[in-house]
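Student: Before we start, here is the structure in question, set down as structure tokens.
None of the figures in this text is laboratory data; all of them are computed from the coordinates on show. This one's a predicted model, so the numbers in the text were calculated from it and none came from an experiment. Cβ coordinates were reconstructed from backbone atoms using ideal geometry, including for glycine residues, and neighbour counts include every protein chain displayed.
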Amino acid sequence: MRTQACESRSHPRILNTLRPGHHMSQNPSLSTTISLDGTQDITIEANRFAPQAAGSALVRSGDTVVFAAVVSGKPKADVDFFPLTVEYREKHYAGGIISSSRFIKRESRPSDNEILTARLIDRSIRPLFPKGFYDDVQVIVSPLSIDQESEPEILSIIAASAALSFSSLPWEGPIGAVRVGMDDKGHFLINPTNSQKTNSKLDLVVSGAQGSIAMVEAGAHEVNESTVLEALDHGQKNIDLIIKAISDLAAKLGKSKLQVEPEKFDATLVKLVEDKLDVNQILSDSKTNGGEGINISNLVDQLINDDQEIDRIQVAKLIDDRIRNAIRSQLLDKNTRFDGRAIDEIRQLSSEVSLLPRTHGSALFMRGLTHVLSTVTLASPGSEQLIEGMKGEQTKRYMHHYNMPPYATGEPGRIGGPNRREIGHGALAERALEPVLPSQDQFSYTIRVVSEVLSGNGSTSQASVCGSTLALMDAGVPIKKPVAGIAMGLITDGKKYITLTDIAGLEDHFGDMDFKVAGTVDGITAIQMDVKVTGVSAQVLKDALEQARVGRLAILENMKKTIDQPRSQLSPFAPRVVTLQIDPTKIGVVIGPGGKTIRPIQEDLDVEINIEDDGLVSITGTNPENVNQAKKMIEDLTAEVEVGKVYSGKVQRIQPFGAFVEILPGKDGLVHVSNMGKEFVSDPHQLVKEGDQVQVKVFEIDSQGRVNLTMNLDDNPASRDRTTSPRRESRQDQSSRPSQTRSSRPRTSNKPGATRNESRFSRFNDKR
């Protein structure tokens, strides 16, 4: 096991004999309401539900209600880490909808959003559990009701904090959490509604204890560092209000907290590690190997010589502590890093693009031993991701996926679906790059970026941001600006601290903070911060943000040497997409009854056609000529006949009084015998036959919508004196003229709970 993976711990003894979670039904139900920024009321209620849980809380804002419960069990055998499990599960009934597949009408595995919310909760509460606590703890959070304006994520963090505070578990909370937005005038908004978030340049989630920050997750549109600090300060003031409210309720409940006995180690094992472990040599070897992680398991094997009676967990913990103390004291006392870098020095950088011949874009970004390969795939607008949740269906045109296989750390491991960490890192990179992507009007493609970690030694998520920027430019995606990311670290003994630029794996494992910052030359686009202490001060964050800014600019400058702007041409293997806007009332004409019109176009030209409700049509195919031909056909289908315009039309049928010519798909006009030539024409067959292609001009659309044509292109029959004009067709003749009708547009359903096919029929795509 590498030290980068997890912190090893021994098993303490709980001093209290009372187990949490028993006799909770005897506890009173209490509630309180607080007002944040004077605009949002939040109600916190203790012990309303789940009397057998160790603690529970109900939190409400508007019509959004979130419930949290915490339970604990005995320590698991041979576990050297704190087994905390946080589960956030959405209930579709909370939004008043029935969704999922046609055959399964219940919630199944957690969505990416559920996993990301669970991570927000976990990262907020985990640092406040005492060192040496190994009870099996589970926190379960569920929204029970949601409205369309109040998001449940913030309430979920508050609910988890309250449930833990109302329990007897040894937890050094409570904490509070808020979301900070910013309006167009630069004013901060606490927990903005969905309507307010739409126009906000900042979306910052922050949690923390009294007077300190524990977790930050943010997306932004190139905001500067000072704005972020102001937002954090504003958020902290409201967090303190939440903490006071929870503390007051917990005090009224009067539940005492369990105490954790300090960890104790066998004196013989302590001496064994002190005598035989050469920490300086271990760090020197790691430096020689490029700063790669230290294999604690191998060191344990070397010390105990296969002695089965020795407690391996205690030895691993002692080794881990020795290495930790050596690295931390070297940094705090000497201001030097174990790999020889200066405090603000970035590891060696290099990058390449266009590595893979068939992908639409590719790039390899290397920072020390951290190597990330990013690829870009472009597809039609119809390939966007459909997301089902409590609020119904949503779509997503940009997806960023992050993978870190076991070989990235030189160890064997299980291969399966993405874990929580991989989903979280992908979402972070996605958030960092989204502000610089072109709008759908400018670039209608669906975009998927995949970052493969080939070698991991710290800051892999931010390396994926850098590599993906290069890959997007290599693919010809017209991003507004390049984005780079960097991870900052912290070492503190409670009195003094030092912030580190571009932390490596050992510094991440043994440090107190992982502060990731991504952005352009003009500002920040994403932030993610986690700590292993109870919180950090505003000054620490200020120092870290400034170092991150300097480091980010240096990385961006280095990336420019590889590729400095998006390519002007897409890959020849990328599909071609063209768009056009049609009258929404003409959608039915394009589709035809049951797809009769659109299906042959797709099949014959091998293209994919998607139509939005507003009439935006996108055509996708690998053959540019076929794509343009399909566009022309749709333009013709939806075109309006114009008086005075000349058309090339096909003679459909001939009557004694004239010929009917199709000038646009499904639209015929009559060329009367009097308008077929300069001289008198007694029989239309003298000049044309069915199937002929003829040039005609529209000179009139009568009151009944019938189109009158002439083959005399320089003539204007409409200006003739009607008293001398040839006879018009008889009533019987008129009955032979086709009526100008079209197929009605398929109906769509916007009601909650509509199936995918019902709600997205207008986005027609018959290709399978």
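Student: With the Cα gyration tensor of the chain in hand, give its eigenvalues times 5 under a square root as the equivalent ellipsoid semi-axes, listed largest first in whole angstrom.
Tutor: Rounded to whole Å, the semi-axes are 66, 31, 22.
Student: Calculated from DSSP H runs of 4 or more alone, at -39500 (n - 2.57) each and per residue, what is the 222 nm mean residue ellipticity of the chain, nearest 500?
Tutor: -8500 deg cm²/dmol
Student: List, largest first, the extents of the alpha carbons of region 438-542 along their principal axes, each in whole Å.
Tutor: Reported extents, whole Å, longest axis first: 53, 30, 20.
Student: For region 357-436 and region 490-548, what is the separation of their C-alpha centers, rounded to whole Å?
Tutor: 24
Student: Roughly how many nanometres apart are two label points built 7 Å out from the Cα toward the Cβ at D63 and D344?
Tutor: 5.3
Student: Extension gain Q539-D614, at 0.36 nm per residue separation less the Cα-Cα distance, in nm?
Tutor: Values: separation 75, 0.36 × 75 = 27.00 nm, distance 5.01 nm.
Taking Q539 through D614 to full extension adds about 22.0 nm, to one decimal.
Student: Place a point 7 Å from the Cα of F81 along the Cα-to-Cβ direction; which residues of region 486-517 have their backbone N under 17 Å from it?
Tutor: Label zone hits: 505-514.
Student: May I pose another question? Counting other Cβ atoms within 10 Å of each Cβ, which GluC sites (Glu not before Pro) in region 658-713 have at most 12 and sit in a DSSP loop?
Tutor: Hits after loop and neighbour filter: E679, E690.
Student: Still on this model: Using only alpha carbons, build the gyration tensor for region 145-271 and give me the equivalent ellipsoid semi-axes, biggest first, whole Å.
Tutor: Values: eigenvalues 240, 78, 30 Å².
Listed largest to smallest, the semi-axes of region 145-271 are 35, 20, 12 Å.
Student: Now, a different point. So for the chain, averaging the separation of alpha carbon pairs under 8 Å that are six or more residues apart and normalising by length, what relative contact order in percent results?
Tutor: Relative CO of the chain lands at 11 percent.
Student: Let a ≥ b ≥ c be the square roots of the eigenvalues of the Cα gyration tensor of region 35-181; is it rounded (a/c under 1.5), or, if not, prolate (a/b larger than b/c) or oblate? Display every interim value, and only then the final one.
Tutor: Details: a/c = 1.88, a/b = 1.28, b/c = 1.48.
Oblate is the answer for region 35-181, as a/c is 1.5 or above yet b/c matches or exceeds a/b.
Student: Restricting attention to region 177-235, which trypsin sites (Lys or Arg not before Pro) occupy a DSSP loop and are surrounded by at most 16 other Cβ atoms within 10 Å?
Tutor: Of the trypsin sites (Lys or Arg not before Pro), the ones in loops of region 177-235 whose Cβ has at most 16 other Cβ atoms within 10 Å are K185.
Student: While we're on this one: With a Förster radius of 30 Å, plug the Cβ-Cβ distance of I98 and E149 into 1/(1 + (r/R0)^6) and report the FRET value to the nearest 0.05.
Tutor: Values: r = 22 Å, r/R0 = 0.74.
So, using R0 = 30 Å, E works out to roughly 0.85.
Student: Quick one: of K271/K532; K667/K689; K586/K697; K185/K481, which pairs are farther than 22 Å apart, Cα to Cα?
Tutor: K271/K532; K586/K697; K185/K481
Student: Starting from the Cα-Cα distance between Q210 and Q655, subtract it from 0.36 nm times their residue separation and give me the gain in nm to one decimal. Can you show the working numbers first?
Tutor: Values: separation 445, 0.36 × 445 = 160.20 nm, distance 9.02 nm.
That works out to 151.2 nm of additional length.
Student: State the extension gain, in nm to one decimal, for the chain segment bounded by S31 and K532, taking 0.36 nm per residue of separation less the distance between their alpha-carbons. Could you put the intermediate results ahead of the total?
Tutor: Numbers: separation 501, 0.36 × 501 = 180.36 nm, distance 3.11 nm.
Taking S31 through K532 to full extension adds about 177.3 nm, to one decimal.
Student: Between T336 and S247, what is the label-to-label distance in nm when each label sits 7 Å out along the Cα-to-Cβ direction?
Tutor: Reported label-point gap for T336 and S247 is 4.3 nm.
Student: Counting pairs of Cα atoms in region 349-560, how many percent are more than 31 Å apart?
Tutor: 21
Student: To continue, here is another question. Among DSSP bridges having both ends in the chain, what percentage is antiparallel? Round to the nearest 5.
Tutor: Approximately 90 percent, going by the DSSP bridge assignments.
Student: Please order I611, I619 by the number of other Cβ within 10 Å, starting at the fewest.
Tutor: So the ranking, lowest neighbour count to highest, is I611, I619.
Student: Which residues does the label zone of K480 cover in region 424-452, counting backbone N under 17 Å from a point 7 Å along Cα→Cβ?
Tutor: 430-444
Student: Taking 7 Å along the Cα-to-C-beta vector as the label spot, tell me the Q259-D493 distance in nanometres, rounded to one decimal.
Tutor: Spacing of the two 7 Å Cα→Cβ label points: 2.8 nm.
Student: Restricting things to Cα coordinates, could you compute the convex hull volume per residue of region 280-379 in Å³?
Tutor: Output value, Cα hull per residue: 177 Å³.
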